[in-house]
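Have a look at the structure below, then the notes.
Just so you know, all these numbers are worked out from the coordinates, no wet-lab data involved. None of the values given here were measured: they were computed from a predicted structure. Neighbour counts run over all protein chains shown; Cβ positions are idealised from the backbone, glycine included.
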Ligand code: NAP
């Protein structure tokens, strides 16, 4: 077997521990060689408190995976690329659209891989949904993404800071799926954004889009759902209705479940990163982030009650 790529994980928080560490441990292609995080660490793995020191001390580490919040990510991604390392970044790929383009250009100049990952695209039902929709006549698209922020983001102040995206932090997952499976490009036409009086990012958003043939599409994102958590995309077609639920993990057509296999988003993401490195290419799709940026540009804002954990 070829030697595995030594990889460093940056930002040891919830998603690094829940998904990245187990996915790398199971990978035949990567081995976790070190971490960089101000406070977090993984037992048995050399830990640095910043990426600069790690890159200097461990020149044999060829890949870096960034699990920090979006506004903390650009400087480290740039640093790693300038040091000749391949880079994978968590979603959303940046705190602004322009910084993602800048990273893509840098990776291209240096002949390195930049993988701006969208984990929800790797959910079990998504590729099946895309296949089923091919050639169908879509008449309506509805996204409902409702979850309890206190449960999923306990104590995470960064989601409420500029660049943290608020409810778009989970909502962008729906947009990453929709841009992947919808047969045509679409654009935002209207947004209503609910901002808690004491916060800089929205807690809820009602979005309207139109696709290239005039089909209306809507998305209702809400972080105030304390009961049933819903992550659903319903696509009504002349030939039947497709429903992706559980964030893309489950698929049904006209109410009949479709067998899609088990959900292995993060192992699939690392397999894709390995493939990109092998092919010396990048995968950077800014469409989901562009829709979010458009919502902030076109959005009508209204104030709602303050949010506290
Ligand atoms: P998190 O638990 O807050 O972890 C992020 C870690 O990054 C922190 O623990 C912190 O570790 C480090 N960090 C560096 N600079 C920071 C800063 N300025 N502010 C806050 N933390 C900073 O966040 P997460 O839930 O893992 O999310 C990280 C990224 O993964 C986000 O882009 C998110 O959208 C994405 N993601 C999250 C989930 C999920 O279920 N949570 C799922 C998929 C994707 P140190 O203090 O040790 O530096």
Worksheet item: What angle, in degrees between 0 and 90 and rounded to the nearest 10, separates the Cα long axis of helix 168-181 from the longest principal axis of the Cα atoms of the chain?
Response: 80
Worksheet entry | Most mobile of 203, 15, 233 in a GNM of the chain (Cα contacts under 10 Å) | 15
Practice prompt. As a check on your grasp of the helix formula, calculate [θ] at 222 nm for the chain: sum -39500 (n - 2.57) over DSSP H runs of n ≥ 4, divide by the residue count, round to the nearest 500.
Written response: -8000 deg cm²/dmol
Practice prompt. Could you list 91, 14 in order of exposure, starting from the residue whose Cβ has the fewest other Cβ atoms within 10 Å?
Written response: 14, 91
Response to the item:
The helix 265-278 Cα axis meets the longest alpha-carbon principal axis of the chain at an angle in degrees, between 0 and 90 and rounded to 10, of 60
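Quick one: work out the % antiparallel among DSSP beta bridges in the chain, nearest 5.
55
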Discussion item. If I take every Cα pair under 8 Å that is 6 or more residues apart in the chain, average their sequence separation and divide by the length, what percent do I get for the relative contact order?
Written reply: 20
Discussion item. If each residue of separation counts as 0.36 nm, what is the full-extension length gain between residue 139 and residue 39 once their alpha-carbon separation is subtracted?
Written reply: 31.0 nm
Practice prompt. For each of 88, 217, 297, count neighbouring Cβ atoms within 10 Å of the residue's Cβ, then give the residues from fewest to most.
Written response: 297, 217, 88
Worksheet item: For the chain, modelled as a GNM with alpha-carbon contacts under 10 angstrom, which of 222, 43, 211 fluctuates the most?
Response: 43
Discussion item. Between 291, 182, 153, where does the largest GNM mean-square fluctuation fall for the chain, given springs only between Cα atoms within less than 10 Å?
Written reply: 153
Practice prompt. Please order 3, 56 by the number of other Cβ within 10 Å, starting at the fewest.
Written response: 3, 56
